[in-house]
Amino acid sequence: MNQTTAPAPPKPTGWRKKWRNAKRFTFSKKKLSTRNLDRLCRDTATDEMTLVIHSEDVDHAPYFPNAYTVTKRPDVPADMHVDLYYRELNKIADESYNVILCTGLLEHIPDPDRIIGEMHRILKPGGRLIISASAVFSFHECPNNFFHFTPYGFRLLFKDWQGFDMLRGASQPFETIGILIQRILLQCDIIPIFRPIIELMAHTMRLFDFTILKQYETREFRDARSECDTMLPSNMQAVVVK
């Protein structure tokens, strides 16, 4: 396991630096998973005052122009900077926002019930939480990567809320495989000659999603009881009503 307190090794120089860069080179710098976060923001866009918690993997500004931003990252511009696990959200007043946007954070919180309770407290009655969190995804930001979620996990976490306006997987199965292949490129040193081939696989894999006729969330009974929108999503997305 990675240790955040371990000192960083010295940076390579000369041919070692060139070899390291070759093992990590990619043609495209854009994350494939970003398109689905952009779609979530586009589908839920509003001019209402919005509390944006974390949500730094997507340009949310065009969709939520009246945003108050909160982040744990000191190098990211924001209206409010907080501690690693967002415990300082308790400084935000009760029932002060109609909308909260929170993406890419829940899997990094060791006590998700606590932060969900904070967001419930901050929302006005009838307010909406727009949220996305990892499902089938690589380990990342370790060691602070605690949970990945299913639709059933989301229903359990939000059981005391009014209900869901939307609950869906962020990506189709082959698209998810493409996202995971790209994560291999991003998180692994690979023999350089193979990297372009693997990158092409990552960017073309989602083309195979047209072959899927129906999807089921279990092998136990493949009928109407277990049909689902996607059985292998990279993230779970939801709009939850207080």
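Using amide H atoms built in the peptide plane, which far-off residues or other-chain residues are under 5 Å from Lys124 H to H?
Those qualifying (amide H under 5 Å, at least 5 residues apart or on another chain) are Ser96, Tyr97, Asn98.
Could you list the residues of the range 108-144 with an amide nitrogen less than 16 Å from a label point located 7 Å from the Cα of Glu48 in the Cα-to-C-beta direction?
The answer is 119-131, whose backbone nitrogens lie closer than 16 Å to the label point.
Rolling a 1.4 angstrom probe over the protein heavy atoms, how many square angstrom per residue are accessible across the range 75-204?
Per-residue accessible area for the range 75-204 comes out at 46 Å².
First compute the accessible area of the range 22-70 with a 1.4 Å probe, then give the percent of it belonging to carbon and sulfur atoms.
Carbon and sulfur: 52 percent of the exposed surface of the range 22-70.
So what J values fall out for the range 46-62 if you push phi through Karplus, 6.51 cos²θ - 1.76 cosθ + 1.60 with θ = phi - 60°, rounded to Hz, Gly and Pro as x?
Once rounded to whole Hz, the list reads 7, 8, 5, 4, 10, 8, 9, 9, 6, 6, 9, 8, 8, 7, 7, 4, x.
Where in the range 162-242 are there GluC sites (Glu not before Pro) that are in a DSSP coil and have at most 10 other Cβ atoms within 10 angstrom of their Cβ?
Of the GluC sites (Glu not before Pro), the ones in loops of the range 162-242 whose Cβ has at most 10 other Cβ atoms within 10 Å are Glu220.
Starting from the Cα-Cα distance between Leu186 and Arg20, subtract it from 0.36 nm times their residue separation and give me the gain in nm to one decimal.
This chain segment gains 58.5 nm when fully extended.
Less than 20 Å apart at the alpha-carbon level, and either on another chain or at least 8 residues along: which lysines does that give for Lys31?
Lys23
Could you tell me the relative contact order of the range 58-141? Use alpha-carbon pairs under 8 Å, at least six residues apart, and round to a whole percent.
Dividing the mean separation by the residue count of the range 58-141 yields 26 percent.
For a quick check, take a GNM of the chain with Cα springs below 10 Å and name the residue from Arg35, Arg16, Arg128 with the largest mean-square fluctuation.
Top of the fluctuation ranking is Arg16.
Straight-line reach from Lys18: which lysines have Cα under 20 Å away, leaving out those fewer than 8 places along the same chain?
The reachable lysines, counting only those whose Cα sits under 20 Å from Lys18, are Lys29.
Would you mind calculating the relative contact order of the chain from Cα pairs under 8 angstrom and at least 6 residues apart, reporting the percent as a whole number?
After rounding, I find 22 percent.
Taking the simple approach of a point 7 Å from Cα along Cα-to-Cβ for both Ala93 and Arg114, what is their distance in nm?
With each label point 7 Å from Cα toward Cβ, the separation is 2.6 nm.
For the range 144-242, report the convex hull volume of the alpha-carbon atoms normalised per residue, in Å³, without decimals.
Taking only Cα atoms, the range 144-242 has a hull volume of 144 Å³ per residue.
Distance cut-off 25 Å, Cα to Cα: go down the list Lys91/Lys124; Lys30/Lys91; Lys91/Lys242 and report the pairs above it.
Lys30/Lys91
For the range 25-70, calculate the relative contact order in percent as a whole number, restricting contacts to Cα pairs under 8 Å that are 6 or more residues apart.
It comes to 39 percent, rounded to a whole number.
Whole-Hz ³J(HN,Hα) for each residue in the range 209-224, computed from phi via Karplus 6.51 cos²θ - 1.76 cosθ + 1.60 with θ = phi - 60°, x for glycine and proline: what do you get?
Karplus-based 3J(HN,Hα) across the range 209-224 equals 5, 5, 6, 7, 8, 9, 10, 10, 8, 7, 8, 5, 8, 9, 8, 4 Hz.
Considering amide H positions built from the backbone, and no H for Pro or chain starts, which residues 5 or more places from Asn235, or on another chain, come under 5 Å of its amide H?
Placed amide hydrogens put Ala135, Val136, Ala170, Ser171 under 5 Å from Asn235.
Step through the residues of the range 82-92 one at a time and calculate ³J(HN,Hα) from phi using the Karplus curve (6.51 cos²θ - 1.76 cosθ + 1.60, θ = phi - 60°), rounding each to whole Hz and writing x for Gly and Pro.
10, 6, 4, 9, 6, 5, 6, 4, 5, 7, 8
If I compute solvent accessible area with a 1.4 Å probe over the protein chains, what percent of it on the range 90-242 is carbon and sulfur?
For the range 90-242, the apolar C and S fraction of the accessible surface comes to 59 percent.
At 18 Å minimum axial length over the Cα atoms and a Kyte-Doolittle cut of 0.5, report the qualifying DSSP H helices in the chain, or say none.
173-187
Give, as a single signed number, the net charge of other residues whose beta carbon lies under 12 Å from the beta carbon of Lys124, with Lys and Arg counted +1 and Asp and Glu -1.
Residues near Lys124 contribute 0 overall.
How much length would be gained if the chain were fully extended between Arg35 and Arg155, taking 0.36 nm per residue of separation minus their Cα-Cα distance, in nm to one decimal?
Taking Arg35 through Arg155 to full extension adds about 40.7 nm, to one decimal.
The values are calculated or read from the model by the stated rules, or taken from the named source; none is laboratory data. Predicted model, so just to flag it, every value in this text is computed and none were measured. As a convention, Cβ positions derive from the backbone with ideal geometry for all residues, glycine included, and neighbour counts pool all protein chains shown. Heavy atoms of the whole protein, side chains included, go into the accessibility calculation; ligands, DNA and RNA do not. Shrake-Rupley method; radii C 1.70, N 1.55, O 1.52, S 1.80 Å.
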